[in-house]
Amino acid sequence: MNEALDGVLAPPLENGEAVFEAPWQGRVFGMAQALAAAGVFSWDDFRARLIVELAGRAPDGDGAFEYYAHFQRALERTLRELDVIPGGLLAARAAVLAARAADHDHAGHAHPHSHPHDHDHDHDHDHA
Amino acid sequence: MSDAGDSEREPSIRAEALEALLIERGLLTTADVDAVVEQYNERIGPLNGARVVARAWSDPAYRARLLEDGTAAIAELGFGGAQTDKLVVVPNTTTVHNLVVCTLCSCYPWAVLGLPPRWYKDPAYRSRAVREPRALLREFGLVLADHVEIRVWDSSAEVRYLVLPERPAPLAGLDEAALVAHVTRDAMIGVARP
């Protein structure tokens, strides 16, 4: 691991917890590490926002999904507040991608909690 | 969590959007992100599987249960959870070496190994594991004697496979906790030996 996240900031690694319950969790984790390594922001910039995000999490909802949902918000917030990726731009791009997904056969799968686990047949973007 | 509002898309869409924007700005590449994820999964994801193998090496009764019903045996250690897939554990012996592949896509014993490595999804690996496993394994650095039979297990959405490697003789004196460090992801896929 390049950057440390200790104590209450630590990802759910222990107790047999699966590391990433869905591919997007790996992507947001990887983006944060890669951006810090590239100097786009300092790890402390990100860490401070992660602390704020995690402080608001429900006491009994600390599985990987919850953790990475907070992690993702902290990453988005860091990039927004440092003027790297404005929030409006991200929302607009997400809307475009969501519209594309609705055109595919994934309409009706728009519930983030419906597929928290392994997508074996994640063929939606891989076969360009 | 209320993330169904108009302003907030589902996490996978937001992650994809963010990665695309960052790439377009030249701030990172897909490979940068892949590298972090891969490193992370290699080191931490397969730890669950390593614990399963270390237990089987240390406890013959557990080993028997693991081979009888892999799903139930990993659940004893708290692994698997909501995942309902059937896990079949295949033991290596002095005369049999097992190799896991998913010829159709990238089905993988996720609960015990984390996310699959990139090469596992590679079409070349998926086809050559079946067609010429001995040559493939040689390229991974694993040279098997001619008398060792290679059994190839094709994963599916319904059944996942985990290789139970043989415990190397020099590790005989180690306790379970110490053994964990010697069990690698690649050994549990079958492209290496511990």
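A few notes on this one:
- In plain terms, the chain from B:Val159 to B:His147 could stretch by 1.5 nm, reckoned as 0.36 nm per residue minus the Cα-Cα distance.
- Taking the longest Cα principal axis of chain B as reference, the axis of helix B:47-58 is set at about 10 degrees.
- Taking the C-alpha atoms only, the angle from helix B:11-24 to the longest principal axis of chain B is near 70 degrees.
- Cα gyration tensor category, rounded, prolate or oblate, for segment B:106-194 with a/c compared to 1.5: oblate
- Summed buried accessible area for A+B [probe radius 1.4 Å, Å², rounded to 100]: 4400 Å²
- Among the trypsin sites (Lys or Arg not before Pro) in segment B:133-194, none is located in a DSSP loop while being surrounded by at most 14 other Cβ atoms within 10 Å of its own Cβ.
- Given +1 at the Cβ of Lys and Arg, -1 at the Cβ of Asp and Glu and no other charges, the dipole of segment B:44-189 around its Cα centre is 340 debye to the nearest 20.
- Residues with amide H under 5 Å from that of B:Val96, placed H, sequence gap 5 or more: B:Glu149
- Neighbourhood net charge (15 Å Cβ-Cβ; Lys/Arg +1, Asp/Glu -1) for B:Leu174: -1
- Contact order for segment B:65-194, expressed relative to its length and based on alpha carbon pairs under 8 Å spaced 6+ residues apart, stands at 31 percent.
- Cα pair count fraction exceeding 28 Å, expressed as % - chain B: 33 percent
- Helical contribution to [θ] at 222 nm, DSSP H n ≥ 4, -39,500 (n - 2.57), averaged over chain B, rounded to 500: -12500 deg cm²/dmol
The values are calculated or read from the model by the stated rules, or taken from the named source; none is laboratory data. Predicted, not measured: the structure shown is a model, and the values here were computed from it. Positions of Cβ are backbone-derived with ideal geometry, glycine not excepted, and every protein chain shown enters the neighbour counts. The protein model used for the area step is the full one, side chains on, heavy atoms only, and it has no ligands, DNA or RNA in it. Shrake-Rupley method; radii C 1.70, N 1.55, O 1.52, S 1.80 Å.
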